[in-house]
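The values are calculated or read from the model by the stated rules, or taken from the named source; none is laboratory data. None of the values given here were measured: they were computed from a predicted structure. Note that each Cβ is placed from the backbone with ideal geometry, even for glycine, and that neighbours are counted across all protein chains shown.
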Amino acid sequence: MGQIVGAALVSHHPGLMQDEEFRIKMGNGTDSDLIAGFGRLRQKIDEVGADTVVIFDSHWFTTGYHLFDAGEHYSGTYVSDEMPWYLYDQQYDYRGAPDLARACQAVAEERNVMGLATAHPLLPRHYATINVVTALNIHEKVLTVGNCQNCKSEHFLESGAVVGEAIRGSEGRVVLLASGALSHKFNGINWVQKNPRIYDPENVSSPENVASDREAIALLEQGRHDVIIDRFPDVYRKLPWEGLGGHYLQMAGALGGKDCRSRGTALSEYENARGTGNIHMWFEV
């Protein structure tokens, strides 16, 4: 019987893929703590003996269906159409988890949830997956799950529950990674930096977003996923969290939804990225 052996909320922001010298310059002399946080998260994945990683990708926007990537293997060179001046020529090579993807579709059909496995050979990659695979040196099998943009919070929770049941019906030891930010409002193109350290929370888009993010982090540390889920439609979706919060909600759904009490441990400082609030958090399962 398969099991979920750990889970994490993980930042994927492109600035982390820039060279170390530039990151330190932007950090006013010190690197982003999210970089060291990737190392801490890699250690957690190793400690639980995972053989598969499920990435809830907040950039893979789908419409009409929750999609489960059923490809056997992926390799190539990634160039971001969003910021090709520095996120380019990124090499990737990793295994897929097609059996788990197909199992997700089977469970979705049983539950009358709109979920499909897809394995089109030209299906594009997104940096919410590629950056995480690269930064964590993932050698485990990878299942990427999309972020269906015409979903309400309850639909994301249903999709996550599908993934959780499919994992339990498998033989894998699986870590869930919710790839995305908390508050996700960008600063303007001509924004003036408030703090000389670009990563400082003072540079997040607004003090109100910082306060909301820190309150959510405290609730996650207490394992109060029920409170987060109850607040989602009226608070965090409107803030908004990245990708309608689909990355977090699907992870939470796989862990039991409102019944989940997995306590979060911060593996990095809370940091700014172009106005958005970012952190790595690990959830013991």
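Provide a single number: the residues in the stretch 151-172 that are aliphatic (A, V, I, L, M) and over 17 Å from the mean Cα position of the chain (by Cα).
The number of residues fulfilling the criteria is 3.
Within the set of pairs 6 or more residues apart or between chains, which connect a residue that is on the phi > 0 side of the Ramachandran plot inside the stretch 263-285 to a residue that is of a type in the set (S, T, N, Q) and surrounded by fewer than 21 Cβ atoms within 10 Å (Cβ to Cβ) with Cβ atoms less than 7 Å apart?
If the second residue must be of a type in the set (S, T, N, Q) and surrounded by fewer than 21 Cβ atoms within 10 Å (Cβ to Cβ), the pairs left are Arg274/Asn187; Gly275/Asn187; Gly275/Ser205.
Can you tell me which of (1) exposed (fewer than 15 other Cβ atoms within 10 Å of the Cβ); (2) touching a residue at least 40 places away in the same chain (Cβ under 8 Å); (3) in a helix (DSSP H, G or I) is the one Asn28 doesn't meet?
Of the numbered conditions (1) exposed (fewer than 15 other Cβ atoms within 10 Å of the Cβ); (2) touching a residue at least 40 places away in the same chain (Cβ under 8 Å); (3) in a helix (DSSP H, G or I), the odd one out for Asn28 is (3).
Within the stretch 190-211, which residues are part of a helix (DSSP H, G or I) and either within 19 Å of the chain's Cα centre (by Cα) or within 24 Å of Arg23 (Cβ to Cβ) (or both)?
Result: Pro201, Glu202, Asn203, Asn209, Val210.
Please specify each residue of the stretch 170-189 satisfying the condition of being under 26 Å from Pro240 (Cβ atoms) and assigned to a loop (DSSP other than H, G, I, E, B).
Gly180, Ala181, Leu182, His184, Lys185, Phe186, Asn187, Gly188, Ile189 - these are the residues of the stretch 170-189 that are under 26 Å from Pro240 (Cβ atoms) and assigned to a loop (DSSP other than H, G, I, E, B).
For the condition out of contact with any helix residue (DSSP H, G or I) (no Cβ under 6 Å at 6 or more places or on another chain), at pLDDT 95 or above, among the β-branched types (Val, Ile, Thr) and closer than 20 Å to Ser11 by Cβ, what is the one hit in Val142, Val175, Val204?
Of the residues listed, the single one that is out of contact with any helix residue (DSSP H, G or I) (no Cβ under 6 Å at 6 or more places or on another chain), at pLDDT 95 or above, among the β-branched types (Val, Ile, Thr) and closer than 20 Å to Ser11 by Cβ is Val142.
Collect the residues in the stretch 7-65 that are of a type in the set (Ser, Thr, Tyr) and out of contact with any helix residue (DSSP H, G or I) (no Cβ under 8 Å at 6 or more places or on another chain), keeping them in residue-number order.
Correct list: Thr62, Thr63, Tyr65.
Can you tell me which condition Leu249 does not meet? The list is (1) within 19 Å of the chain's Cα centre (by Cα); (2) more than 30 Å from Glu109 (Cβ to Cβ), and all the others hold.
Condition (2) is where Leu249 drops out.
Filtering the stretch 231-242 down to residues that are out of contact with any helix residue (DSSP H, G or I) (no Cβ under 8 Å at 6 or more places or on another chain) and assigned to a helix (DSSP H, G or I), which residue is surrounded by the most Cβ atoms within 10 Å (Cβ to Cβ)?
Of everything passing the filter in the stretch 231-242, Glu242 is surrounded by the most Cβ atoms within 10 Å (Cβ to Cβ).
Among the residues of the stretch 77-136, what is the count of those that are surrounded by 15 or more Cβ atoms within 10 Å (Cβ to Cβ), in a loop (DSSP other than H, G, I, E, B) and more than 20 Å from the chain's Cα centre (by Cα)?
2
Would a scan of the stretch 220-230 turn up a residue that is under 20 Å from Leu34 (Cα atoms), surrounded by fewer than 18 Cβ atoms within 10 Å (Cβ to Cβ) and of a type outside the set (S, T, N, Q)?
yes
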